[in-house]
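Reviewing the structure listed below.
The values are calculated or read from the model by the stated rules, or taken from the named source; none is laboratory data. Note that the coordinates shown come from a computational prediction; the quantities given were computed from them, not determined experimentally. With ideal geometry, Cβ positions are generated from the backbone for all residues, glycine too; neighbour counts draw on all protein chains shown. Accessible surface is based on the protein model in full, side chains and every heavy atom, while ligands, DNA and RNA are left aside. Shrake-Rupley method; radii C 1.70, N 1.55, O 1.52, S 1.80 Å.
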Amino acid sequence: MREIASIVSGVLARLLPRQSRVVVATSGGPDSQALLHLTSVLRERNQISAVLAVGIDHGLRLEARDELAFAENLAKDLKIPFEPLKVHVSKHGNLLEQARHARYAGLEAARRKFEADAILVGHTATDQLVTILMRLARGAGPEGICGIPETNGYIARPLLEVTRNDTIHYSKRHNLEFAMDPSNHSNERARSRIRMDVLPTLRTFFPRVETHAQRFSRLASDEHRFLDKQAADA
């Protein structure tokens, strides 16, 4: 297993100012459990002054309340305050898109209340690769295939340098309880099918494909920002 604490510490040092106050978005899954634990472990090294764990319940699955118990218990063990937050998701239009908007609105409200400098969310290099593949398949242009940004406003993603397998191994190594969202194994969702069917084949031939996808995203984003600036100047 890679030593992801050192990797994440380097990312946090790049993304956060010293003495930051941070909100950690939690769901009870392996990615957010690992992120919450890492934030606690690295708190002194990365000079993080205060941490608040916020568990979002979209109200779409009954199991979500039980899954958030894992996050609340971990926060309690780490002596980090935990705030459950149930958000309203409109059933009109794209349900996943509505859930995303509701989630980030809830997190932003928590950030303002806590006077935090950043909201840490648990997207990994695995999520990055799936996102890039989906956008390529849908015919996205250069901006779209940049993938998930490392930062977006107050949102910061410290786990984009590590994979889903890394976070699972980390959670197991540190005896962190976590839940697996059953929708991640649904054959009806393109994202799930890519994760289950396409990624294992790619890893067979290219074991570091997820790490390479994140490197591609970083380079593509840098080039896009540079070209935007050149166009604006012109």
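At-a-glance table
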quantity	calculated
Breaking point among (1) touching a helix residue (DSSP H, G or I) at 6+ places or on another chain (Cβ under 6 Å); (2) part of a helix (DSSP H, G or I), for G28	(2)
Output for the stretch 135-165, where each listed residue is among the basic types (K, R) and either farther than 20 Å from V209 by Cα or surrounded by fewer than 16 Cβ atoms within 10 Å (Cβ to Cβ) (or both)	R138
Breaking point among (1) out of contact with any helix residue (DSSP H, G or I) (no Cβ under 9 Å at 6 or more places or on another chain); (2) under 21 Å from L74 (Cα atoms); (3) of a type outside the set (S, T, N, Q), for R164	(1)
Unique residue being in a helix (DSSP H, G or I), over 25 Å from T211 (Cβ atoms) and touching a strand residue (DSSP E or B) at 6+ places or on another chain (Cβ under 8 Å) when the list is R111, R43	R111
Search result, residues across the stretch 73-99 that are out of contact with any His (no Cβ under 9 Å at 6 or more places or on another chain), open to solvent by less than 90 Å² (accessible area, probe 1.4 Å) and part of a helix (DSSP H, G or I)	N73, A75, L95, E97
Qualifying residue in the stretch 130-138 (condition: under 26 Å from Y104 (Cα atoms) and assigned to a strand (DSSP E or B))	no
So A110, is it open to solvent by less than 50 Å² (accessible area, probe 1.4 Å), hydrophobic (A, V, I, L, M, F, W, C), at pLDDT 95 or above and out of contact with any Cys (no Cβ under 9 Å at 6 or more places or on another chain)	yes
Some residue of the stretch 169-188 being polar (S, T, N, Q) and over 18 Å from Q33 (Cβ atoms)	yes
Options S171, S192: the member that is out of contact with any Cys (no Cβ under 8 Å at 6 or more places or on another chain), under 18 Å from E67 (Cβ atoms), modelled with pLDDT under 95 and of a type in the set (S, T, N, Q)	S192
Residue within the stretch 32-42 that is modelled with pLDDT of 95 or more, surrounded by 24 or more Cβ atoms within 10 Å (Cβ to Cβ), over 16 Å from A118 (Cα atoms) and under 16 Å from the mean Cα position of the chain (by Cα) present	yes
Qualifying residue in the stretch 6-22 (condition: closer than 21 Å to A105 by Cβ and open to solvent by less than 10 Å² (accessible area, probe 1.4 Å))	yes
Filter result (open to solvent by 20 Å² or more (accessible area, probe 1.4 Å) and either under 22 Å from T151 (Cβ atoms) or not acidic (D, E) (or both)) within the stretch 59-72	G59, L60, R61, L62, R65, A69, F70
Cβ pairs under 7 Å, 6+ apart, first in the stretch 200-215 and more than 16 Å from V162 (Cα to Cα), second not hydroxyl-bearing (S, T, Y)	L202/V209
Condition met for H37 (more than 26 Å from A5 (Cα to Cα) and out of contact with any Asp or Glu (no Cβ under 8 Å at 6 or more places or on another chain))	no
